[in-house]
Amino acid sequence: MPQGVIEKLITSHMARGAWAPGADIEIRIDQTLTQDATGTMAFLQYEAMGAGSVKTELSVSYVDHNTVQAGFENADDHAYLQSAAARFGVKFSRAGNGICHQVHLERFGQPGKTLLGSDSHTPTGGGIGMLAIGAGGLDVAMAMAGRPFALKCPRVSLVNLTGRLPPWVAAKDVILRMLQMLTSKGNVGTALEYGGPGVRALSVPERATIANMGAELGVTASVFPSDNVTRRFLRAQGRPADYTPLQADPGASYDRVINLDLSQIEPLAAAPHNPDNVKTVRELAGLAVQQVCIGSCTNSSYKDLMVAARMLAGKKIAPGISLVIAPGSRQVLEMIARNGALADLIAAGARIAESACGFCIGNSHAPPSNAVSIRTSNRNFLGRSGTRDAAVYLTSVETAAAAALAGKFADPRDLGANRYPAVRQPARFLADDALIVEPPAPAARASVPLIRGPNIGALPRNVPPPDTLAGIAQIKVGDKITTDHIMPAGAFLKFRSNVPKYAEYVFHPVDREFPARCKQARAQGRFSFIIAGESYGQGSSREHAALCPMYLGVRAVVARSFERIHAANLINCGMLPLIFQNPGDYTRVEPGDLLELPGLRTGLERGALVLKNLTRGADIPVQCRLNERERAIILAGGRLNLQVGPADAG
């Protein structure tokens, strides 16, 4: 039978099950990546498993998120991560080497391989022909230990690309158009395969930009074929042996075909406060802008920064603009420094930031109060920039640079006589891996001491649930609640390795009294429940959005629907992801209501339970469709308990 690219990747890595969309399967993982905001907890979990050296073909630990060292916490975490990488046989990419997805694409990505990363934008690797999937840290730790990764076999939609992008229209506009069409919810269980004649006109970095923001669509993965464009990219990176052709067979079938003519796309922007709130740039023309930030794992490639430099060369940014440029990797930074483009950016008035996530995660370059900030990153959730009342718009580099010059939204096609700055891929990228630390030989690893600073807290563990789960509805939230709502990023990221401390900020942007109420309930011997609307858990893969509520005593989340990674993280933590059987029953629970879930074990077997609202005298049917593996995790009180023994109930 003819197969598509994604089907080929999955079937060639199948560890359990068979190709059948919607079925439970497990796949072998070739490569993993972690980063410092999620990696500390992942390595603490891996350490607890006692698995020794990693069993993957390649695992890389990156430092790219918590690089602002205003206190000891981040630096201490980096020391732990470097020692853990040496102990367990993992490559370590030091601070300053660049953003994990950009560096991995440049130095390690291989067509035909599987990649699991503890970052939701791991699907960036799909731009080079990988099956690249984001997951929680515990899932990645398990993969490093040689365990297969469990998922639902995805329904695959073919995005049939035709035509070519017009001048001033970029790959970022392609994915914004996809978000406009598909929105950021309702795509769980789907994967996107890009094909058609239009693919040949997109470079690997452009493909990676599109695959990157598949995370915002909520799809499992976004994958491009591996072709001559891929081969040229790998040759230019000095890695020709890593090339493998990978194409869909003629006649391959798909769940859905989405036709997209690249020549008909125009400059777009995602307006506040969700990436699917897409408008044309001409609709926004004239809106005053105070800040422009160019960078992030979505748009910080060599081509991106060269386009910005050529647009700004010989000009000055508008007086009211603060322009931040963050190269995606040390490779990109060194190349634009050597060819003079960096000087053009500086002369135009740009502030040059570190090759790190920086402004994207809100740990630096927060905009002024009530500011309009244009960013080339991938998320514009409320408050994510570090300024709650700022309005963040997501655009291409071309649109961002045009705004920096004009001081307001301006369609880059309206720049007058300026010719589009076509940038060709270099015949050879500068490849200097000096900031990637190789692990010692296997015989020397066991003697490497693990370095733990005082901010690294105890590894949190759950306990098996009682057969009747009784507690309080501590909060009720609406649709599209993101992991940024649940566990804020920015200045709070330094507490990622200290769950007791970080748990003090659960739902901080929404309800600052939530942790106190949960602690009070726990002191009274009661568990806590979260009530939510559609698409609960959008955004980051951060398992802390499950770990920290679990630490506070939350044992169940009842929602209209969940996003994939967050639902998996809840299960791994021994927390129930319950779905209202009747969506209208969402209105039958309010904060403070006393709730009860009787007959948990038998209910899990049949996938249906009754949530009793004791306060309102209502019986509410809820679904909990778990497979045998997931039920075992819940009943053990979390996946780690199945690996290292039950947690201490005391």
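Once you reduce region 469-499 and region 365-438 to the center of their Cα atoms, the two points are 28 Å from each other. Between the amide H of Leu576 and those of Ala556, Val557, distances stay under 5 Å, these residues lying 5 or more places away or on another chain, with hydrogens modeled in the peptide plane. When the Cα gyration tensor is reduced to axis lengths a ≥ b ≥ c, the ratio a/c is 1.5 or higher for region 464-503, and with a/b not above b/c it is classed as oblate.
About its Cα centre, the dipole of region 161-262 is roughly 280 debye, where the only charges are +1 on Lys and Arg Cβ and -1 on Asp and Glu Cβ. Taking amide H as placed 1.01 Å from N in the peptide plane, the amide H of Val278 sits under 5 Å from that of Ala271, each at least 5 places away or on another chain. The Thr587 and Arg522 beta-carbon pair, evaluated with R₀ = 22 Å, returns a calculated FRET efficiency of approximately 0.20.
Averaging the sequence gap over all C-alpha pairs within less than 8 Å and six or more residues apart, then dividing by the number of residues, gives region 74-217 a relative contact order of 25 percent. Taking 0.36 nm per residue of separation and subtracting the current Cα-Cα distance, fully stretching the chain between Trp19 and Arg616 would add 210.4 nm. A straight chain from Ser253 to Val644 at 0.36 nm per residue would run longer than the Cα-Cα distance by 136.5 nm.
Rounded to two decimals, the Cα radius of gyration of region 175-256 over 2.2 N^0.38 Å is 1.18. Placing a label point 7 Å from the Cα of Glu596 along the Cα-to-Cβ line, no residue of region 510-548 has its backbone N under 11 Å from it.
Positive-end ranking of Pro111, Gly125, Gly136 along the dipole of region 101-156, with charges on Cβ about the Cα centre, is headed by Pro111. Remark: region 103-158 carries a charge dipole of roughly 180 debye about the Cα centre, counting +1 on each Lys and Arg Cβ and -1 on each Asp and Glu Cβ.
Evaluating 6.51 cos²θ - 1.76 cosθ + 1.60 at θ = phi - 60° for every residue in region 623-634, the Karplus couplings come out as 9, 9, 7, 10, 7, 4, 5, 5, 4, 4, 5, 4 Hz, glycine and proline recorded as x. With a Förster radius of 60 Å applied to the beta-carbon distance between Arg338 and Arg625, the computed FRET efficiency rounds to 0.60. For the cross-link pairs Lys172/Lys303; Lys279/Lys303; Lys279/Lys408; Lys172/Lys279; Lys55/Lys91; Lys519/Lys612, the ones whose C-alpha atoms lie over 18 Å apart are Lys279/Lys303; Lys519/Lys612. Taking every alpha-carbon pair under 8 Å whose residues sit at least 6 apart, region 475-618 reaches a relative contact order of 22 percent.
Couplings 3J(HN,Hα) of region 266-276, computed from phi: 10, x, 10, 8, 8, 7, x, 10, 8, x, 8 Hz, in residue order, whole Hz [Karplus 6.51 cos²θ - 1.76 cosθ + 1.60, θ = phi - 60°; x for Gly and Pro]. Using just its DSSP H runs of length 4 or more, each adding -39500 (n - 2.57), the chain gives a mean residue ellipticity at 222 nm of -8000 deg cm²/dmol after division by all residues. With the highest mean first, a sort of the peptides 636-642, 442-448, 338-344, 555-561 on other beta-carbon atoms found within 10 angstrom per residue produces 555-561, 636-642, 338-344, 442-448.
Principal axis analysis of the Cα atoms in region 378-437 yields extents of 41, 39, 15 Å, listed in decreasing size. Mind jotting down the distance between the C-alpha centroids of region 110-182 and region 4-73, whole Å? Value for the Cα centre distance between the two parts: 14 Å. Taking square-rooted eigenvalues a ≥ b ≥ c of the alpha carbon gyration tensor, is region 222-327 rounded, prolate or oblate, where a/c under 1.5 means rounded and, failing that, a/b exceeding b/c means prolate? Note, shape of region 222-327 comes out oblate. Measuring max minus min along each principal axis, the C-alpha atoms of region 469-529 give extents of 34, 28, 18 Å (largest first). Taking θ as phi - 60° and the Karplus parameters 6.51, -1.76 and 1.60, the scalar couplings of region 29-37 work out to 10, 7, 10, 10, 9, 10, 10, 5, 6 Hz in sequence order, x denoting glycine and proline.
Could you order the peptides 231-238, 143-150 from most to least packed, using the average number of other C-beta atoms within 10 Å per residue?
So the order, starting with the most tightly packed, is 143-150, 231-238.
One decimal place: the segment Glu438-Glu283 gains 50.8 nm when fully extended, by the rule 0.36 nm per residue minus the C-alpha distance. Dimensions of region 456-572 along the principal axes, based on C-alpha atoms and rounded to the nearest Å, stand at 36, 34, 26, largest first. Select from Leu284, Asn299, Ala516 the residue farthest towards the positive end of the dipole of the chain; place +1 on Cβ of Lys and Arg, -1 on Cβ of Asp and Glu, and compute about the Cα centre. So the residue furthest toward the plus end is Asn299. Going by a ≥ b ≥ c, the root eigenvalues of the Cα gyration tensor, does region 444-491 fall in the rounded group (a/c under 1.5), the prolate group (a/b larger than b/c) or the oblate group? It is oblate, given that a/c is not under 1.5 and a/b is not larger than b/c. With a simple spin-label model that places each label point 7 Å from the Cα along the Cα-to-Cβ direction, the separation between Asp261 and Lys316 comes to 4.4 nm.
In a simple Cβ point-charge model (Lys, Arg +1; Asp, Glu -1; nothing else charged), region 449-526 has a dipole of about 240 debye relative to its Cα centre.
Once the gyration tensor of the Cα atoms in the chain is diagonalised, the equivalent ellipsoid follows with semi-axes of 38, 27, 25 Å, ordered largest first.
Here, each number is a calculation from the coordinates, and none is a lab measurement. Values in this document were obtained by computation on a predicted structure and should not be read as measured data. When we count neighbours, we look across all protein chains shown, and the Cβ atoms used for this are built from the backbone with ideal geometry, even at glycine.
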